Amino acid sequence: MDRDAVADRIFLETTRRFAPPRLAQEDVRAALELAQVEPGKPVADLGCGYGRHLRALIEQGHAHPLGIDRSALLLTEARGHAPAARLLQADLRRLPLHAGAIAAAFCFYSSMFLGSDHDARAALKEAARILKKGGALVLTTDNPLRLARSPRSRFEEDVPGLGRIVEESAFDGTVDRVTKTLATPGGESLSATFCIRYYAPPALAELARGAGLALRSAELTHDSPQLIALLEKEKAP
């Protein structure tokens, strides 16, 4: 099994056990309040994973959202989790969509920022390209201020039916390096490291401007559980 396949499997098995549907529903409710996009308009989940937010979008009135992910494994799971969604396997830095095809886009938990700064800028420019003029992009990430306050963490738990999970993370102020190790009951040992890049609002505003987007809101304090940012594609003068 190659490195990406291992990472996808670990992400799938751990996230669907530790992230209940209620959290995805809350994420989507908050994102839709910011985006103000009418049901029936084309919307996309960028980095949709196994479809938990797609399912919540459907439940909250968006009957056929588009889910985009690079992983065939995760898209197969999404097909069962959100059968009404349209699914597309693609790199977020190179989206096979026409310019202005999407009314609103969502990216939950840093799916757009899992590589270098160059990758993040490329993905954000692609998101801007596919948005209609005035269209919204809502980004949801963990709170980088809280990560900076406790930059190192370790978690382990025996999960029935899965095995022993050990998660260790180290945040350097910009990138959170998270290593997850899974030891299955059958003796299999799997490990993957995820490098998640974070941007506080001032840096995110600069990143957005370079992509042709404007940062409209991004409230953040040390006690905020998340950073939820609203970006808007600038309208022609």
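GLU126 sits among other residues whose Cβ lies under 11 Å from its own Cβ, and their net charge, with Lys and Arg +1 and Asp and Glu -1, is +3.
Note the count of lysine pairs whose C-alpha atoms are less than 25 angstrom apart in the chain, limited to pairs 8 or more residues apart or on different chains. The result is 12.
Sequence-distant contacts, meaning Cα pairs under 8 Å at least 6 residues apart, place the relative contact order of the chain at 18 percent. Counting charges near PHE155 (Lys, Arg +1; Asp, Glu -1) among other residues having Cβ under 11 Å from its Cβ returns a value of -2.
Starting from the residue with the highest accessible area, list LYS41, LYS180, LYS133 in decreasing order, probe 1.4 Å. Provide the component values of the computation, followed by the final result.
Values: LYS41 100, LYS180 35, LYS133 135 Å².
Descending accessible area places them as LYS133, LYS41, LYS180.
Computed from point charges on the beta carbon alone (+1 for Lys and Arg, -1 for Asp and Glu), the dipole magnitude for segment 143-206 about its Cα centre is near 200 Debye.
For segment 1-62, the relative contact order works out to 41 percent when only alpha carbon pairs closer than 8 Å and six or more residues apart are counted. Working from Cα pairs under 8 Å separated by at least six residues, relative contact order for segment 82-160 is 36 percent.
Dipole check for the chain: with +1 at the C-beta of Lys and Arg, -1 at the C-beta of Asp and Glu, and the Cα centre as origin, the magnitude is about 640 Debye. Shown here: Cα extents along the principal axes in Å, derived from the displayed model; of the candidates (1) 43, 39, 35; (2) 73, 38, 29; (3) 61, 40, 30, it corresponds to (3). With the charge dipole of the chain set up from +1 on Lys and Arg Cβ and -1 on Asp and Glu Cβ about the Cα centre, the Cα lying farthest toward the positive end among the listed residues ALA208, SER153, ILE196 is that of ALA208. A simple charge model with +1 on the Cβ of Lys and Arg, -1 on the Cβ of Asp and Glu and nothing else charged puts the dipole of segment 97-160 at about 440 debye relative to its Cα centre. For the chain, the per residue solvent-accessible surface stands at 50 Å², with DNA, RNA and ligands left out and a 1.4 Å probe. Surface composition of the chain: carbon and sulfur make up 51 percent of the accessible area, probe 1.4 Å. Around the amide H of GLY67, modelled in the peptide plane, lie the amide H atoms of ASP45, ARG86, LEU87, LEU88, all under 5 Å away and 5 or more residues distant in sequence or on another chain.
The values are calculated or read from the model by the stated rules, or taken from the named source; none is laboratory data. Bear in mind that the values here come from a model prediction, so they are computed numbers and not experimental data. Every residue, glycine among them, receives a Cβ derived from its backbone with ideal geometry; neighbour counts consider all protein chains shown. Areas reflect the complete protein model, heavy atoms only, side chains present, ligands, DNA and RNA absent. Shrake-Rupley method; radii C 1.70, N 1.55, O 1.52, S 1.80 Å.
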